[in-house]
1. Calculate, in whole percent, how much of the Cα-Cα pair population of the range 1-101 lies beyond 20 Å.
2. Mind checking which lysines have their Cα closer than 30 Å to the Cα of Lys6? Skip sequence neighbours fewer than 8 apart in that chain.
3. Mind ordering 37-44, 107-114 by average Cβ neighbours within 10 Å, highest first?
4. So what are the range 156-318's ellipsoid semi-axes, whole angstrom, largest first, if each one is the square root of 5 times an eigenvalue of the alpha-carbon gyration tensor?
5. Take Ser39, project a point 7 Å from its Cα along the Cβ direction, then tell me which residues of the range 53-97 have their backbone nitrogen under 14 Å from it.
6. Note the angle between two axes, namely the Cα long axis of helix 15-26 and the longest principal axis of the Cα atoms of the chain, as a number of degrees from 0 to 90, rounded to the nearest 10.
7. Mind checking the angle between helix 325-335 and the chain's longest principal axis? C-alpha axes, 0 to 90 degrees, to the nearest 10.
8. What do you get when you divide the Cα radius of gyration of the range 85-151 by 2.2 N^0.38 Å, with N the number of residues?
Amino acid sequence: MEDLTKVAIVGASGYTGLELLRIVLCHPNAELTAVTSRSNADQKIDDVFPRFKKLPSSELTFIEPDMRAIAASGATIAFLALPHGTAAPFASELLQLGIRVIDLSADFRLDDANTYAEFYDQQHPSPELLDQAVYGLPEIYQNEIQSAQIVASPGCYPTSIILPLIPLLRDKLIDPSSISVSSMSGVSGAGRKASLPLIFPEVNESVRSYGLPRHRHLSEIEQELSKAANQSVTISFVPHLIPVTSGICTTTFANLTGEFSTISNSLRSLYKNSPFVRLRGEGISPDTKHVTGTNFLDIGWHHDPRTNRLILQSTEDNLGKGAAGQAIQSFNLMTGISPTAGLLTA
């Protein structure tokens, strides 16, 4: 039996933290030794979430966010499932205590503190750590993640947009200035909080856009697309809220500069060894029902000959590949175990 890596979860009461907790409790190579939640402090995991009863470590008690207590638990890797601006100070303290960090907030996704301030309307809490952080997209930064002390797990929308576009921008098959994106997301992407626009009667049987004209995720999307294109990339992005619990469906439009027949080879060349990217193929429109509850990202592509535009489509679970599952992918890389450990569900 392989040694178990002792881990902590900081902020395990939101939807992302809850999904992360589920995966960690069932992970064959992880042992949960500390879990924090201010709202659930002093209660056992399986009392708050009875679905986890009888799982290993399910009788662990939630504690207040005390980084020294986490270190005393023996944890060597900590997941931070916290709002932006809140995670950075905890990450700094954990690193000083010798604990590697996987941050699921936006605090370390951007290379530049000024860009963070522009998009998140506050100064970055720990700008000195930005140079250390690795953008946690396993399909693109596998080698960097393996040795990272702090991994910035990408956002849900960015994952669905960036992965289909990176190979095409690298291979110069599309015009970077022509990219526009429309995405639809389940309500869990807005977080586990009481908010009038998110209650059932407001969301049910309704679709609406939000975050216009400059959604915060644009900052990391454009950062990563610019790296792939080797030039500055600015896109149009319109997200929509749809009346489902989880799942993201993204449609991306771009003008072709190469032949449509080369799109398939470009995607397959980059992702042929990527266990969680499923290339559904030309003329296929992926469906969220085939990815919810999993860590898979499905991609399909179409050609509109009237406009010579490429239409890319992708689907994922915003709590899975868009958040908790992707963070576990990074954990697997950081600990040198199978990339698919704890994640192969259909």
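Since every read-out is calculated from the coordinates, none of them should be taken as a lab result. What you see is a predicted model; the values in this text were computed from it and never measured. Methodologically, a virtual Cβ is constructed for each residue, glycine included, from the backbone with ideal geometry; neighbour enumeration extends over all protein chains shown.
1. Numbers: 1508 of 5050 pairs.
Summing the P(r) tail past 20 Å for the range 1-101 gives 30 percent.
2. Output for Lys6: Lys44, Lys53, Lys54, Lys193, Lys321.
3. Numbers: 37-44: 14.0, 107-114: 19.8.
Taking the mean over residues of other Cβ atoms within 10 Å, the ranking is 107-114, 37-44.
4. Numbers: eigenvalues 149, 60, 40 Å².
Result for the range 156-318: semi-axes of 27, 17, 14 Å.
5. Under cut-off, by backbone N: 82-83.
6. Once rounded, one gets 70 degrees.
7. 70
8. Working: Rg = 11.6 Å, N = 67, 2.2 N^0.38 = 10.9 Å.
Taking the Cα Rg and dividing by 2.2 N^0.38 Å, one obtains 1.07.
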